[in-house]
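One structure is given below, encoded as structure tokens.
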Amino acid sequence: MADPTYDSNNIFAKILRGEIPSHRVYEDDAIVAFMDVMPQGPGHTLVVPKAQSRNLLDADPAVFGPLFAVVQKVALAVKKAFGADGVTILQFNEPASGQTVYHLHVHVIPRFQGIPLKPHSGQMEKPEVLTENADKIRTELGS
Ligand code: 5GP
């Protein structure tokens, strides 16, 4: 059951409701994917279930199948779109782990041999770069 402290006005809940803009690359009945505004590398994408939970710890396990099916789709798409050598998948639970937005989400980050990740929640990317990167991913996803 969703944690009673879940705040339905968190930034991702607002993005899911369309109250705040995002660079969406994928959407189905249960899942949305959009660009991270402070990417740890080019093509850093967030995969977010529509169902409300604070993080993995209070999520309905039924969400994990659909969520990770999309994580895999997006991982394959970003790998191809950016010619990456690999893909890092990250997911944080509670402040001690590094979580900063309290709606379950999975980070999908293209990786390049020998290039370290930029800091988590570091620098804002230019909107035009996010638009361009989202277009590349959408092309690979056919969405
Ligand atoms: P967490 O630390 O909770 O795992 O990750 C939250 C992520 O959301 C961070 O990587 C951060 O850059 C990103 N982020 C924070 N605010 C926004 C926003 O308003 N829009 C988008 N698209 N990403 C955000």
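The values are calculated or read from the model by the stated rules, or taken from the named source; none is laboratory data. Remember, predicted model here, so these are calculated numbers, not experimental data. Methodologically, a virtual Cβ is constructed for each residue, glycine included, from the backbone with ideal geometry; neighbour enumeration extends over all protein chains shown.
Below are the figures for this structure:
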quantity: Restricting region 90-118 to residues that are β-branched (Val, Ile, Thr) and farther than 17 Å from ILE11 by Cβ, the residue that is farthest from the ligand (Cβ to nearest atom); calculated: ILE115
quantity: Subset of region 69-107 (residues that are part of a helix (DSSP H, G or I) and either under 18 Å from LEU130 (Cβ atoms) or in contact (Cβ under 8 Å) with a residue 40 or more places away in the chain (or both)); calculated: VAL70, LYS73, VAL74, LEU76, ALA77, VAL78, LYS80, ALA81
quantity: Residue within region 71-78 that is more than 20 Å from ILE11 (Cα to Cα), within 13 Å of the ligand (Cβ to nearest atom) and among the hydrophobic types (A, V, I, L, M, F, W, C) present; calculated: no
quantity: Qualifying positions in region 83-101 - closer than 21 Å to ILE115 by Cα and surrounded by 12 or more Cβ atoms within 10 Å (Cβ to Cβ); calculated: ALA84, ASP85, VAL87, THR88, ILE89, LEU90, GLN91
quantity: Counted residues, region 52-63 - those being among the aliphatic types (A, V, I, L, M), surrounded by fewer than 17 Cβ atoms within 10 Å (Cβ to Cβ) and away from the ligand (no atom under 14 Å from the Cβ); calculated: 1
quantity: Residues that are in a helix (DSSP H, G or I), within 12 Å of the ligand (Cβ to nearest atom) and under 15 Å from PHE82 (Cβ atoms), drawn from region 119-132; calculated: LEU130
quantity: Where GLY43 falls short, out of the listed (1) of a type outside the set (Ser, Thr, Tyr); (2) more than 16 Å from the ligand (Cβ to nearest atom); (3) in contact with a Lys or Arg (Cβ under 8 Å, 6 or more places away or on another chain); calculated: (2)
quantity: Qualifying residue in region 57-69 (condition: of a type in the set (Gly, Ala, Ser) and touching a helix residue (DSSP H, G or I) at 6+ places or on another chain (Cβ under 8 Å)); calculated: no
quantity: Within region 1-40, tally of residues that are assigned to a loop (DSSP other than H, G, I, E, B) and away from the ligand (no atom under 12 Å from the Cβ); calculated: 14
quantity: Output for region 119-142, where each listed residue is of a type outside the set (A, V, I, L, M, F, W, C), modelled with pLDDT of 95 or more and farther than 12 Å from VAL78 by Cα; calculated: GLU125, LYS126, PRO127, GLU128, THR131, GLU132
